[in-house]
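Engineer: So that we are looking at the same thing, I have put the structure below in structure tokens.
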Amino acid sequence: MKLRKLSDLQPGMKAIIDSFTDEELSIRLLEMGCLPGEEVEIAHIAPLGDPIAIHLYGHKLSLRKKEAESILVK
């Protein structure tokens, strides 16, 4: 299965977190609960594309576009 960046998804789309492209940023994302194997859903994208709101563990989390670009999903 081809990996995509979380930032490439549109509202309503779901995916499974696979890995991260930025090791330093991945630590912060892991602390926020973005764990490999977890399902995420794009909730909203701001008009200019930043920030991106996602559903994770039944909660809504807001990510900067740079953070979403570093999350690879399948």
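The values are calculated or read from the model by the stated rules, or taken from the named source; none is laboratory data. Note that the structure is a prediction, hence the values are computed from the model and not measured. In this analysis, Cβ positions are derived from the backbone assuming ideal geometry, glycine residues included, and neighbour counts consider all displayed protein chains.
Engineer: Looking only at segment 13-58, count how many residues are touching a Cys at 6+ places or on another chain (Cβ under 8 Å) and of a type in the set (D, E, K, R).
Structural biologist: Number of matching residues: 0.
Engineer: Those residues that are farther than 23 Å from MET1 by Cβ, among the charged types (D, E, K, R) and out of contact with any helix residue (DSSP H, G or I) (no Cβ under 7 Å at 6 or more places or on another chain), I need them from segment 24-74; list them, please.
Structural biologist: Once the filter is applied, which keeps residues that are farther than 23 Å from MET1 by Cβ, among the charged types (D, E, K, R) and out of contact with any helix residue (DSSP H, G or I) (no Cβ under 7 Å at 6 or more places or on another chain), segment 24-74 yields GLU24, ARG28, GLU31, LYS60, ARG64, LYS66.
Engineer: Which ones in segment 11-53 are more than 12 Å from ALA68 (Cα to Cα) and in a loop (DSSP other than H, G, I, E, B)?
Structural biologist: Hits for segment 11-53 are PRO11, GLY12, MET13, MET32, GLY33, LEU35, PRO36, GLY37, GLU38, ALA46, PRO47, LEU48.
Engineer: While we're here: Within segment 36-74, take every residue that is of a type in the set (Gly, Ala, Ser) and at pLDDT below 90 and give me the one that is surrounded by the fewest Cβ atoms within 10 Å (Cβ to Cβ).
Structural biologist: Within segment 36-74, the subset of a type in the set (Gly, Ala, Ser) is 37, 43, 46, 49, 53, 58, 62, 68, 70.
From the residues that got through so far, the ones that are at pLDDT below 90 too are 49, 58.
Numbers: GLY49: 10, GLY58: 5.
Only one residue fits best here, namely GLY58.
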